[in-house]
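Visitor: Quick one: this structure, given as structure tokens, is what I'll be asking you about.
The values are calculated or read from the model by the stated rules, or taken from the named source; none is laboratory data. The shown structure was predicted, so the numbers you read here are calculated from the model rather than taken from an experiment. All Cβ positions, glycine included, derive from the backbone under ideal geometry; neighbour counts span all protein chains shown.
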Amino acid sequence: MVKINLNYEKLEANYLFTEIANRTSAFIKANPDAPVIKLGIGDVTRPLAPIAVDAMVKATEELKHVETFRGYGPELGYKFAKKAVQDYYLAYGVEVDFEEMTIGDGIGEDIANITDLFASGNTVLIPDPVYPLYKATSLMDGQHIKYIPCTEANNFLPIPPDFASDMIYLCSPNNPTGATFNYEELKAWVDYANKHEAIILYDNAYERFITDKDKPHSIFEIEGARTCAMEFNSLSKTAGFTCVRSGYTVVPKELIREGVSLNRMWQQRQTTKYNGAPYATQRGLTAALSPEGLAQADENIAYYKRNVKLITDVLEEKGIFYSGGHNSPYIWLKCPKGLTSWDFFDYLLKTVYVVGTPGVGFGPSGEHYFRLSTFNTYEATKEAMERIRTIL
Ligand code: PLP
């Protein structure tokens, strides 16, 4: 009889965002006239950078003509896309070889797929709270999870523990808390990982939101990172590519464990199980990472950042503790009146028709916290916060 991966049984019955969607749609069904505003799921709402769309249209048009038609592309990415990634890194003083990067369909996929490189039974450190994917994929793979609590006391930033571990997920700026490492804090993790021959899986999805000058934009800005870290970069939040799907992953050549190159393993994995990101989306990525594309993308980020003030003004007026918003698109707030995350979720939905994200969905330390997203229009965010002001 076939043996199946029973680790899947360890997953929670409902993924956070499915539960939010279920509760919201049940409410809307029962109250069809309620003007619900969603400040919940972390999906962008501003349109793509026009230069990226134009590049994808042009690339698609090329496929219509025999002279410019293309078949399969290189599995690990076209050179023109790698050059754009290389130049993007260089702006932060980081040198990355073409052989160290892979172009993919977004990093949710790469973060999940790269787990093929690791045997089961590793001790995995996961910040708590954090993006739920790391826990889910680690459970699926039979890893042993250890949470690192990130609380008000440590400014929501994970600190290396005094015990050894094998794999470490770091997300900076963090989803959901917005906490962002400075150089020294990240260096402490690099030193810890090198000391224990562990590997850091660095999720850089919100890097473009960093405004502080003292914060690194890549873990490879840190000395020693090339021997212990891999980095995942997404165009989703940088340039609005959530629907298009595009991202890139860097695995340095110096990353060797048990005498084996993880760079080679990742290339083997991708060339075997993946046939490459679409030509048109790679043209889109290339345009999005050009100076003009980045300027257009930054206009959208500036738009979202205007919403931060709408949210934080109300929280400050009402004396509600919050963090985030500065280097990230999310505001992380303490639920008022000692409410649990889900009770506050229901309260907001039922009284003022606003949907947010319960903090406990990101890990046990997220209990009694709540995430509000700035990914909405200025008008909707203003309206939502005016309503919330009346009940705080
Ligand atoms: N990492 C974090 C921290 C995220 O918040 C998200 C999406 O919300 C992702 C990864 C997934 O990014 P992508 O759209 O590139 O799969």
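Visitor: From the set of residues in region 116-138 that are out of contact with any Ser or Thr (no Cβ under 9 Å at 6 or more places or on another chain) and of a type in the set (A, V, I, L, M), which is nearest to the ligand (Cβ to nearest atom)?
Guide: For region 116-138, the residue satisfying everything is L133.
Visitor: Which one of F17, F69 is within 30 Å of I145 (Cα to Cα) and aromatic (F, W, Y)?
Guide: The conditions single out F17.
Visitor: Within region 258-280, how many residues turn out to be more than 23 Å from F80 (Cβ to Cβ) and either surrounded by 13 or more Cβ atoms within 10 Å (Cβ to Cβ) or among the β-branched types (V, I, T) (or both)?
Guide: 8
Visitor: Same structure again: Name the residue that is nearest to A288 (Cα to Cα), counting only residues in region 237-266 that are within 16 Å of the ligand (Cβ to nearest atom) and in contact with a strand residue (DSSP E or B) (Cβ under 7 Å, 6 or more places away or on another chain).
Guide: Per the stated criteria, the residue is G247.
Visitor: Got a sec? Which strands (runs of 3 or more DSSP E) wholly within region 139-235 have at least 3 residues that are within 16 Å of the ligand (Cβ to nearest atom) and of a type in the set (K, R)?
Guide: none
One line per residue, one yes/no per condition, for (1) touching a strand residue (DSSP E or B) at 6+ places or on another chain (Cβ under 6 Å); (2) not assigned by TED's automatic domain parsing to the domain that holds V130; (3) not small (G, A, S):
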site	(1), (2), (3)
V314	no, yes, yes
I320	yes, yes, yes
S323	yes, yes, no
L333	yes, yes, yes
G338	no, yes, no
D346	no, yes, yes
F362	no, yes, yes
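Visitor: Starting from region 101-117, keep only residues that are under 15 Å from V85 (Cα atoms), then list their pairs with residues that are within 8 Å of the ligand (Cβ to nearest atom) and of a type in the set (F, W, Y) whose Cβ atoms are within a distance under 8 Å, requiring at least 6 positions of separation or different chains.
Guide: G106/F241; I107/F232
Visitor: Scanning for something among the small types (G, A, S) and not assigned by TED's automatic domain parsing to the domain that holds G284, does region 54-67 turn up at least one residue?
Guide: No, region 54-67 has no match at all.
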